Amino acid sequence: MKVQNEAGVTATLKGESPNARKLAGSAEGEVRDRWLDLKMFDQQPFQPALSGLKLEYRIIELYSRDAGKREAK
């Protein structure tokens, strides 16, 4: 993904989605909507923290438990 970092932030970049929350301990009605698994690729040559450059690229691994068209936030 393309990260436009005009502020020069050097914090760790994290990806979150309501659809990627843990299944364990979820209410029965929420399990259907928890179909996504996402992981930020922060191993070499990347670092967990942003570099502070105005533009950089990152890799996010996405996995869908279910087949078909899906939409996530």
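The values are calculated or read from the model by the stated rules, or taken from the named source; none is laboratory data. Being a predicted model, the structure only gives us computed values, none of them experimental. Backbone-built Cβ (ideal geometry, glycine too); neighbour counts: all protein chains shown. Keep in mind that these areas ignore ligands, DNA and RNA; they rest on the heavy atoms of the full protein, side chains included. Shrake-Rupley method; radii C 1.70, N 1.55, O 1.52, S 1.80 Å.
For the range 12-41, filtered to residues that are open to solvent by less than 60 Å² (accessible area, probe 1.4 Å) and in a loop (DSSP other than H, G, I, E, B), the residue that is farthest from Asp66 (Cα to Cα) is Leu13. Just give me the residues in the range 42-73 being surrounded by 10 or more Cβ atoms within 10 Å (Cβ to Cβ), without any contact (Cβ under 8 Å) to a residue 12 or more places away in the chain and either within 11 Å of the chain's Cα centre (by Cα) or farther than 19 Å from Thr10 by Cβ (or both), in sequence order. Result: no residue meets the conditions. If you take the residues of the range 21-73 that are small (Gly, Ala, Ser) and in contact with a strand residue (DSSP E or B) (Cβ under 8 Å, 6 or more places away or on another chain), which of them is nearest to Glu6 (Cα to Cα)? In this case the residue turns out to be Ala49.
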